[in-house]
Amino acid sequence: MTEQSAGPLPAVLAGAAIDDEVHALVPGYRALLIAATGVRGGPSDERSDAALRSAEGSARARLDGGAPESLPEIAAWRDAFLAFGVKPRQARSSVEALVRRVDAGLPRIDRLTDLYNAVSVEHLIPIGGENLARYAGPPRLVRAVGDEPFDTVADGELVTVSADPGEVLWRDDLGATCRRWNWRQCVRTRLDPTTTDVLFILDGLDPLDAGRLHAAGEALVEHLRADAPAVEVSWRLLDS
């Protein structure tokens with residue numbers, strides 16, 4: 001495991017882990033975790049809109065009329081999902097879901113979510129953002145037992161369901177925070193316009209190596225610091 005931080009790692013990063021069963025399922029997986037405090041949230045704005053428009057143009061150029069799964073970075077995630085029994089029609093990686101929306105326009109949600117979605121599409125890498133104020137304990141990537149609670153919205157109502165046994169998910173001490181690796185985030189730790197402290201999770205599979213993973217992380221931090229130079233950032237790379 002490789003660490004990169006300006007000082008001692010915060011507890012949320014120091015305790016982070018990837019279960020051995022995940023490495024056995026998909027060898028070569030790595031994750032870059034970034035804890036950022038003092039970020040500027042708020043509604044979508046000109047800067048986040050410009051970042052999304054740039055990402056849309058980059059994705060269209062990469063696709064050149066082809067299907068998203070023709071890109072090796074997205075095909076790798078389809079293979080990873082199939083490894084724990086999830087077909088594309090059941091769930092897609094977050095980056096594929098975003099790339100599929102490029103022609104119609106990427107969603108504008110809130111400033112922070114827009115910025116990490118832009119980096120996700122620009123670098124073809126799944127990225128999640130967790131509200132650290134609502135996170136409990138360190139993040140762990142595990143294969144589900146099947147009793148992990150996951151709060152979500154169904155038919156406009158907040159409900160709690162359980163993860164499927166064997167699926168890969170991110171979790172904290174209270175339950176699943178993101179199901180099917182990077183498919184859907186829980187409501188509890190979702191970012192909102194008032195969020196100031198964030199845990200970003202960048203998921204990396206070959207052909208996206210550690211160098212490209214760090215480049216995406218640096219691009220994200222650059223966005224965060226453009227309007228909030230005092231943002232404090234700690235990094236941790238988890239690999240095999």
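Of all residues in the range 123-158, those that are in a strand (DSSP E or B) and modelled with pLDDT under 95 total 4. If you take the residues in the range 145-173 that are of a type in the set (Gly, Ala, Ser) and touching a Phe, Trp or Tyr at 6+ places or on another chain (Cβ under 9 Å), which one is farthest from Arg188 (Cα to Cα)? Only one residue fits best here, namely Gly166. A residue that is closer than 21 Å to Glu157 by Cβ, part of a loop (DSSP other than H, G, I, E, B) and touching an Asp or Glu at 6+ places or on another chain (Cβ under 6 Å) can be found somewhere in the range 188-209. Residues in the range 139-184 that are touching a helix residue (DSSP H, G or I) at 6+ places or on another chain (Cβ under 6 Å) and surrounded by fewer than 19 Cβ atoms within 10 Å (Cβ to Cβ): Arg143 alone.
Taken over the range 91-122, the criterion of being part of a loop (DSSP other than H, G, I, E, B), within 22 Å of Glu73 (Cα to Cα) and of a type outside the set (S, T, N, Q) is satisfied by Ala91, Arg92, Arg100, Arg101, Val102, Asp103, Ala104, Gly105, Leu106, Pro107. Is it true that some residue in the range 156-169 is of a type in the set (S, T, N, Q) and under 17 Å from the mean Cα position of the chain (by Cα)? Within the range 156-169 (the criterion being of a type in the set (S, T, N, Q) and under 17 Å from the mean Cα position of the chain (by Cα)), the answer is no, since none of the residues qualifies. Take residues that are at pLDDT below 95 and surrounded by fewer than 20 Cβ atoms within 10 Å (Cβ to Cβ) and tell me which of the helices (runs of 4 or more DSSP H) falling wholly in the range 1-85 contain 2 or more. Ranges flagged: none.
When the range 32-64 is filtered for residues that are closer than 20 Å to Val95 by Cα and in contact with a Phe, Trp or Tyr (Cβ under 9 Å, 6 or more places away or on another chain), the ones remaining, listed by number, are Leu32, Leu33, Ile34. Inclusion of Arg89 among residues that are under 16 Å from Arg179 (Cα atoms) and at pLDDT below 95 is warranted. Within the range 189-240, being of a type in the set (Phe, Trp, Tyr) and either at positive phi or modelled with pLDDT under 95 (or both) holds for no residue.
The values are calculated or read from the model by the stated rules, or taken from the named source; none is laboratory data. Please read these numbers as outputs of a predicted model, since none were measured by experiment. Cβ coordinates were reconstructed from backbone atoms using ideal geometry, including for glycine residues, and neighbour counts include every protein chain displayed.
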